[in-house]
Amino acid sequence: MKRHTLSVLVENRAGVLSRVTGLFSRRGFNIESLAVGPSEMEGTSRITLVVCGDDREVEQVIKQLNKLIDVIKVSDLTEFERVERELALIKVAAEPGEPRAGVMQIATIFRAQVIDVGPKTVTLQVAGDPEKIDALEGLLRPSGIKELYRTGRIAVLRGQKTVRSEK
């Protein structure tokens, strides 16, 4: 099974996300990551999905996605050079003194920003590739992660290549 990163350009209308994700669930695909937001074209949104499956299965889902009325364009970014990023907010147990200093040192190494400090916690914000966030999470676990929020991956092709609508 291969991890596929799909970019789906859609009309910004109610129910579109439900129809797109419903197609995946009906086909038995688990969506590992999902991010949605406005695109560069007014009235459209871009859905970035990460799913696992073999090439043939994912190709079939892409064909079915293209048949949905509000879908403008579907692109499988998997085989292309791309930049992927994710945002995470992590609230960590951090008593004043040595424990807090250790969390702050790890945050500095990963270029995470401290966005809130409480009497017994520190909340960090970090953006980067998913592997970086996984590594930071792994190092913070022994301190005690109180809450963890991850946005899901977004991706853009490197260089001059773009994912454009053919409409």
Exercise for review: Sum -39500 (n - 2.57) across every DSSP H segment of at least 4 residues in the chain, then divide by the residue count to get the 222 nm mean residue ellipticity, nearest 500.
Suggested key: -8500 deg cm²/dmol
**Study point:** Option label - log10 I(q)/I(0) by the Debye sum over Cα atoms at q = 0.09, 0.12, 0.18, 0.19 Å⁻¹ computed here, alternatives (1) -0.25, -0.46, -1.14, -1.29; (2) -0.37, -0.62, -1.15, -1.25; (3) -0.39, -0.64, -1.04, -1.11
**Key:** (3)
Check your understanding: Using 1/(1 + (r/R0)^6) with R0 = 22 angstrom and r between the beta carbons of E42 and L17, what's the FRET efficiency to the nearest 0.05?
Key -> 0.75
Point to revise | Entries in K91/K132; K132/K161; K2/K146 that, when Cα-Cα distance is taken, lie over 23 Å | key: K132/K161; K2/K146
Revision key, fill the gap. Listed by chain and number, the aspartates and glutamates with an alpha carbon less than 15 angstrom from that of K120, same-chain partners under 8 positions apart left out, are E95, E98, E147
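Every number here is computed from the coordinates shown, using simple stated rules; none is lab data. Computed from a prediction, not measured in an experiment: that's the story for all the values here. For neighbour counting, all protein chains shown are included, and Cβ atoms are generated from backbone atoms with ideal geometry for every residue, glycine included.
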